[in-house]
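See below for the structure under consideration.
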């Protein structure tokens, strides 16, 4: 005689599926009192904002370049990139360094809160109303945290490698022009 299991097989399978539920890890941050998330796989590191060197003739949303331990990183202001209007003045305090298939870049943000585990089934398609505020191509979806809806950004769509290289090349040209001008003045 077979021993009776304490739980029916269907319940066991359901518990296994729940335990193996797919999770997305998100770095949560704020911009002008709004909460956003970005997948942790797209984040290299988080830093206090370093000194940014402006680059003339670069797109408005590219604040400039930083030297991150010998690596030149372009810094993006997501508010300008997304066409958002700031309601509460604050200086950006953190830089989230992101890596996409296209490029490595930094995002200026007000505050980084925490890293959360969000069940993949809690990520929803962005509603049409949101798509009018932030272009759809930048948005991966929306999630809910403590009864508050937040936007999940797609780092791979925020900036292209061509945009980043254009800024780095422009900065290199400006430095060369400055050093040539100094030599000719001597």
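Filtering the stretch 36-59 to residues that are over 18 Å from the mean Cα position of the chain (by Cα) and exposed (fewer than 11 other Cβ atoms within 10 Å of the Cβ) leaves 51, 56, 57.
Residue count for the stretch 132-157 satisfying the condition of being under 17 Å from residue 32 (Cβ atoms) and touching a residue at least 60 places away in the same chain (Cβ under 8 Å): 4.
When residues in the stretch 4-38 are screened for being at pLDDT below 60 and either in contact with a strand residue (DSSP E or B) (Cβ under 8 Å, 6 or more places away or on another chain) or part of a loop (DSSP other than H, G, I, E, B) (or both), 6 of them pass.
In the stretch 65-78, how many residues are free of Cβ contacts under 8 Å to residues at least 60 places away in the same chain and touching a strand residue (DSSP E or B) at 6+ places or on another chain (Cβ under 6 Å)?
4
Look at residue 92 and say whether it is at pLDDT below 90, surrounded by 14 or more Cβ atoms within 10 Å (Cβ to Cβ), farther than 25 Å from residue 55 by Cα and under 15 Å from the mean Cα position of the chain (by Cα). When the stated conditions are applied, residue 92 does not pass them. When restricted to residues that are within 22 Å of residue 28 (Cβ to Cβ) and out of contact with any strand residue (DSSP E or B) (no Cβ under 9 Å at 6 or more places or on another chain), the stretch 91-113 contains 2.
Just to verify a result, which residue in the stretch 69-87, among those that are in a strand (DSSP E or B) and under 17 Å from the mean Cα position of the chain (by Cα), is farthest from residue 136 (Cα to Cα)?
Residues of the stretch 69-87 in a strand (DSSP E or B): 71-76.
With the extra rule that they be under 17 Å from the mean Cα position of the chain (by Cα), the set shrinks to 73-76.
Numbers: 73: 25, 74: 23, 75: 21, 76: 18 Å.
Among those that are in a strand (DSSP E or B) and under 17 Å from the mean Cα position of the chain (by Cα), it is 73.
The values are calculated or read from the model by the stated rules, or taken from the named source; none is laboratory data. These numbers come from a predicted model, not from an experiment. We place every Cβ from the backbone using ideal geometry, glycine too, and count neighbours over all the protein chains shown.
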